[in-house]
Amino acid sequence: MSGEDQFLKYKRSAEIAQLLEENKAYISKKQRTRLQKRGKNALINEDNEGKVTDELCPLCQSEKAVFYHYGHETDRFYYKCVKCSLIFVLRSSYLSEFEEAKRYEMHDNDIKQPGYRTFLNRCVVPLHEALKSTQEEWDNSADEELKKISRDGMDFGCGPGPSISILMGELGYKVVNFDPQFVPDPENPPTKPHVVPDSLATIDTGKETPVIQSIDVLYAQPSLQRKYRFITCTEVIEHVKDPMVVWKKLFDLVAPGGVVAMMTGVVNNEEMFKGWHYHRDPTHICFYHKDTLNYVESLFPWKMSRPDKQVILFTKNKDVEVETPNEKEEK
């Protein structure tokens, strides 16, 4: 057993201090600092075990969510919903919209980089295969509206620069970009990539913050009122403060028989979560457990498949009317 593993066996601060003192000759200053932080993390996790937050689950609005983990790297508390298994941080941990936008600008997501293309192709390739399998049926559909959109898609939450739209475009599809911060008007996308939205306002504090239109205004645009053959939503849903609103919109945007392609990190168990890099990003606020995905599938008339551990495809039933989760749960 390594020294660090042995250290982690001790839970209480007195035992931690004693262990450090006894081994000070063998532990460097850097190691000591790291071990102290990990020891503090263990203590906080132990002290909060079983605690329930009074905040509602952002996804299902359940009133019961139990403490799941404390991350000393970001000083955030994570709770897991008892009903839908969503893991989320408290709203007090959210960044401001301006801080979020600046953080997104720091992402080095250049579609010209082979590594980034390879990453996105984990979603693009299985989506293309799913669409290709029924392409002839769509192209020859008796329904002129479906025929018209047989190669149309939307990249929902595209970020500062186009990426999925380029990859799908290379495969013969036509993709509209939308992002509440960076491309709020899909019909008139900005000409400069990788910039915080031009609509900045100075508030009383003197700090700049993006003026982001309300969801009602954004979703009322013609581009977000029509139907698409497919919707992509890659590395987006973990950033969303009101996920149920977004899931409803994704379902509404896709045509019957169409596909919503989702890409996000998926939690399998608590041990995996503890050492996971994904929850250390301060813009990541909701984390989908595998049981959460099953819950989402149950809300709408669509079928889920998982071609990759981070990729989830939801294929909308062909012969159903749009039905919201609230309507379904009332039955």
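All of the numbers you see were taken from the coordinates with simple rules; none came from a lab. Because the structure is predicted, anything quoted here is derived from the model rather than measured. Ideal geometry is used to build each Cβ from the backbone, glycine not excepted, and the neighbour counts take in all protein chains shown.
Report, by chain and number, residues whose modeled amide H sits under 5 Å from the one on Val176, excluding near sequence neighbours (fewer than 5 apart, same chain).
Placed amide hydrogens put Gly153, Met154, Asp155 under 5 Å from Val176.
Please list the non-local residues whose amide H lies under 5 Å from the amide H of Tyr228, H modeled 1.01 Å from N, same-chain partners needing a gap of 5 or more.
Val254, Ala255
Would you mind classifying region 85-199 by shape? Square roots of the alpha carbon gyration tensor eigenvalues, ordered a ≥ b ≥ c; an a/c under 1.5 is rounded, otherwise it is prolate if a/b is larger than b/c and oblate if not.
On the way: a/c = 1.85, a/b = 1.80, b/c = 1.03.
Taking the square roots of the gyration eigenvalues as a ≥ b ≥ c, region 85-199 is prolate.
In whole Hz and in residue order, list the ³J(HN,Hα) couplings for region 119-127 that follow from phi through the Karplus curve 6.51 cos²θ - 1.76 cosθ + 1.60, θ = phi - 60°; x for Gly and Pro.
4, 5, 5, 4, 9, 4, 4, x, 5
Rounded to whole Hz and in sequence order, give me ³J(HN,Hα) for region 50-59 from the Karplus expression 6.51 cos²θ - 1.76 cosθ + 1.60, θ = phi - 60°, writing x for Gly and Pro.
Ordered by residue, 3J(HN,Hα) equals x, 6, 10, 8, 8, 7, 6, 4, x, 8 Hz.
Can you check what the net charge comes to around Gln135, using other residues whose Cβ is under 13 Å from the Cβ of Gln135 (Lys, Arg +1; Asp, Glu -1)?
-1
Round to a whole angstrom and tell me the spacing of the C-alpha centers of region 278-313 and region 127-147.
One Cα centre to the other: 26 Å.
Rounded if a/c is under 1.5, else prolate if a/b is larger than b/c, else oblate: which is region 97-330, with a ≥ b ≥ c the root eigenvalues of its Cα gyration tensor?
Details: a/c = 1.43, a/b = 1.26, b/c = 1.14.
Rounded shape, in that the Cα axes give a/c under 1.5.
Tally the DSSP beta bridges in region 97-330 and give the antiparallel ones as a percent, rounded to 5.
On the way: 14 of 30 bridges.
Looking only at bridges with both residues in region 97-330, the antiparallel portion is about 45 percent.
Test of understanding: ordering Thr234, Thr118, Thr74 by Cβ neighbours within 10 Å, fewest first, what list do you get?
Values: Thr234 24, Thr118 9, Thr74 15.
Ranking Thr234, Thr118, Thr74 by Cβ neighbours within 10 Å, fewest first, gives Thr118, Thr74, Thr234.
Quick one: which residues, 5+ away or cross-chain, put their amide H under 5 Å from the amide H of Asn317? H built at 1.01 Å from N.
Long-range HN contacts for Asn317: Gly257, Trp302, Lys303.
Given the pairs Lys83/Lys290; Lys112/Lys309; Lys174/Lys290; Lys227/Lys309; Lys102/Lys241, which span a C-alpha to C-alpha distance of over 21 angstrom in this model? Walk me through the intermediate numbers first.
Numbers: Lys83/Lys290 13 Å; Lys112/Lys309 24 Å; Lys174/Lys290 31 Å; Lys227/Lys309 28 Å; Lys102/Lys241 17 Å.
Distance filter (> 21 Å) returns Lys112/Lys309; Lys174/Lys290; Lys227/Lys309.
Can you tally the net charge around Pro307? Count Lys and Arg as +1, Asp and Glu as -1, for every other residue whose Cβ sits under 11 Å from the Cβ of Pro307.
Values: positive: Arg122, Arg306, Lys309; negative: Glu129, Asp308.
So the surrounding residues net to +1.
Read phi for every residue in region 173-178 and hand back ³J(HN,Hα) as whole Hz from Karplus 6.51 cos²θ - 1.76 cosθ + 1.60, θ = phi - 60°, with x for Gly and Pro.
Result, rounded to whole Hz: 9, 10, 10, 8, 9, 9.
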